[in-house]
Structure formats: C-alpha cells, structure tokens
Amino acid sequence: MYQILKQIVKTGIHSDAPPLPDEALRVVAQRLEKAMLAKLGRALVIRQIDAGSCNGCELEINALSNPYYNIEALGIKFAASPKHADMLLVTGPVSKNMEMAVKRAYDCTPAPKLVVAVGDCGCHGGIFGESYASCGRVANIIPVDVAVPGCPPTPQALLTGILTAISGK
C-alpha cells in the first residue's frame with residue numbers, strides 16, 4: 001500500500017485534455033434549432049422505442065444527453081409516452097413481440113408525427129432481416145420519414161437525421 005501511495009505522490013494527477021469544439025456539430029445544432037422552431041414553434045419531444053435492438057443504438061442516443069452534445073439545450077426532450085411526442089425514434093429490427101406495441105405507439109402519437117428509423121437494423125433489418133421472430137425493418141410496420149444508417153450511428157448522425165426529419169428534406 002505504501003508503494004502505491006508513494007507512486008501516486010511521485011506521479012501526480014494526469015488527465016486528458018478536454019475535447020476541442022466540433023465546428024460541424026455546432027452548425028448541425030444551429031440548423032436543428034432553427035428548423036425545430038420554424039416547424040413546431042416549440043421544443044421537440046421524442047419517444048424512443050426499442051423494437052428489438054442489441055442496445056448499441058440506445059447507447060448512442062443516450063450520448064446525445066451528455067454534456068458534449070447536450071440536446072436539452074437545443075430544446076429536445078425525451079418523453080415516456082407517445083401521446084406527448086412529436087417524433088418516434090425507433091431502433092432495432094421490429095421483433096414479432098414488439099410489432100403491436102410499435103403500431104400502438106405510432107397510432108397514439110399526435111399528428112403531425114415524424115418517424116426516424118435508427119441503425120442498420122431499423123433501416124433494413126440488419127443481420128436479422130425478416131424471419132419467424134422478426135418483422136425486419138421499421139418501415140415494414142409503420143411509415144418512416146428518415147432512416148439513419150450505421151451500426152450504431154454516431155450521435156452526430158442521429159442529430160443530422162432528426163434535423164432531416166424536421167426540415168422535411
């Protein structure tokens with residue numbers, strides 16, 4: 001124990017430098033905020049649905065809430081109910097067990113509603129495809145406005161997909 005404490009005192013505290021600001025991310029964030037206010041006139045509320053994914057996409061979606069991306073500052077919030085949501089963010093291939101839940105969430109979301117399919121699995125079924133246990137891509141179950149490919153997609157790609165859905169381009 002003494003040797004470890006001696007080594008700590010001798011070495012001191014070393015940490016990595018904070019990341020430099022990303023100019024591309026700042027531009028996407030500004031465009032997203034303008035498009036959101038133009039289309040909705042208020043904050044965007046997202047309901048995230050895991051339709052059967054491996055949770056890789058959910059980790060990247062959670063990264064959007066960290067201090068680096070900070071989507072709360074842009075006025076984007078996550079809701080626990082599709083009744084309060086403007087957008088559904090669906091990850092994974094839709095499993096047979098989740099098919100009805102995804103349809104109900106879509107039906108409960110008030111118009112105008114947007115749907116973003118996230119990840120390779122949500123976009124085209126990924127490695128799972130269509131089988132006895134999987135309905136495949138999200139578009140097989142509900143209409144999709146934007147697909148964000150990647151396994152998993154980066155948080156910046158997710159922000160770009162949300163921006164594309166809101167701006168309608």
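Of the conditions (1) at pLDDT 90 or above; (2) touching an Asp or Glu at 6+ places or on another chain (Cβ under 7 Å); (3) over 27 Å from F128 (Cβ atoms), T91 clears all except one; give me its number.
(3)
Could you list all residues from the stretch 140-160 that are part of a helix (DSSP H, G or I) and not hydroxyl-bearing (S, T, Y)?
Across the stretch 140-160, the qualifying residues are N140, P155, Q156, A157, L158, L159.
Restricting the search to the stretch 17-61, which residues are in contact with a helix residue (DSSP H, G or I) (Cβ under 9 Å, 6 or more places away or on another chain), over 30 Å from E130 (Cα atoms) and among the β-branched types (V, I, T)?
V28, V45 - these are the residues of the stretch 17-61 that are in contact with a helix residue (DSSP H, G or I) (Cβ under 9 Å, 6 or more places away or on another chain), over 30 Å from E130 (Cα atoms) and among the β-branched types (V, I, T).
Condition test on I76, is it within 25 Å of P110 (Cα to Cα), β-branched (V, I, T) and touching an Asp or Glu at 6+ places or on another chain (Cβ under 8 Å)?
For I76, the condition - within 25 Å of P110 (Cα to Cα), β-branched (V, I, T) and touching an Asp or Glu at 6+ places or on another chain (Cβ under 8 Å) - is not met.
List the pairs whose first member sits in the stretch 1-20 and is in contact (Cβ under 8 Å) with a residue 12 or more places away in the chain, whose second member is in a loop (DSSP other than H, G, I, E, B), and whose Cβ atoms are under 7 Å apart, counting only residues at least 6 apart or on separate chains?
Filtered contacts from the stretch 1-20: P19/Y68.
Listed here are the residues, each with its yes/no results for (1) loosely packed, with under 10 Cβ neighbours inside 10 Å; (2) aromatic (F, W, Y); (3) in contact with an Asp or Glu (Cβ under 9 Å, 6 or more places away or on another chain).
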{"residue": "Q7", "(1), (2), (3)": "yes, no, no"}
{"residue": "K10", "(1), (2), (3)": "yes, no, no"}
{"residue": "L20", "(1), (2), (3)": "yes, no, no"}
{"residue": "E23", "(1), (2), (3)": "yes, no, no"}
{"residue": "V45", "(1), (2), (3)": "no, no, yes"}
{"residue": "G52", "(1), (2), (3)": "no, no, no"}
{"residue": "Y69", "(1), (2), (3)": "no, yes, no"}
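Is one or more of the residues making up the stretch 104-125 of a type in the set (A, V, I, L, M) and part of a loop (DSSP other than H, G, I, E, B)? Outline the logic, then answer.
Taking the stretch 104-125 first, the residues of a type in the set (A, V, I, L, M) are 105, 111, 114-118.
With part of a loop (DSSP other than H, G, I, E, B) added as a condition, the list becomes 111.
Among the residues of the stretch 104-125, at least one is of a type in the set (A, V, I, L, M) and part of a loop (DSSP other than H, G, I, E, B), which makes the answer yes.
Quickly run through the stretch 124-157 and pick out the residues that are in contact with a Pro (Cβ under 9 Å, 6 or more places away or on another chain) and closer than 20 Å to V28 by Cβ.
The answer is A157, and nothing else.
Looking at the stretch 74-123, which of its residues are among the hydroxyl-bearing types (S, T, Y) and in contact with a Ser or Thr (Cβ under 7 Å, 6 or more places away or on another chain)?
Those that are among the hydroxyl-bearing types (S, T, Y) and in contact with a Ser or Thr (Cβ under 7 Å, 6 or more places away or on another chain): T91, S95.
Looking at (1) of a type outside the set (S, T, Y); (2) modelled with pLDDT under 90; (3) outside any helix (DSSP H, G or I), which is the only condition L163 fails?
(3)
Can you tell me which residue is farthest from the chain's Cα centre (by Cα) among those in the stretch 74-113 that are among the acidic types (D, E) and surrounded by 12 or more Cβ atoms within 10 Å (Cβ to Cβ)? Quick ask: steps written out before the conclusion?
Filtering the stretch 74-113 down to residues among the acidic types (D, E) leaves 86, 99, 107.
Okay, now just the ones that are also surrounded by 12 or more Cβ atoms within 10 Å (Cβ to Cβ), so 86, 99.
Working: D86: 14, E99: 20 Å.
The extreme case among them is E99.
For the stretch 114-136, give me the residue count where each residue is free of Cβ contacts under 8 Å to residues at least 60 places away in the same chain and under 16 Å from the mean Cα position of the chain (by Cα).
6
The values are calculated or read from the model by the stated rules, or taken from the named source; none is laboratory data. Note that this is a predicted model, so its numbers are computed, not measured. Here Cβ is always computed from backbone atoms with ideal geometry, including for glycine, and neighbour counts include all displayed protein chains.
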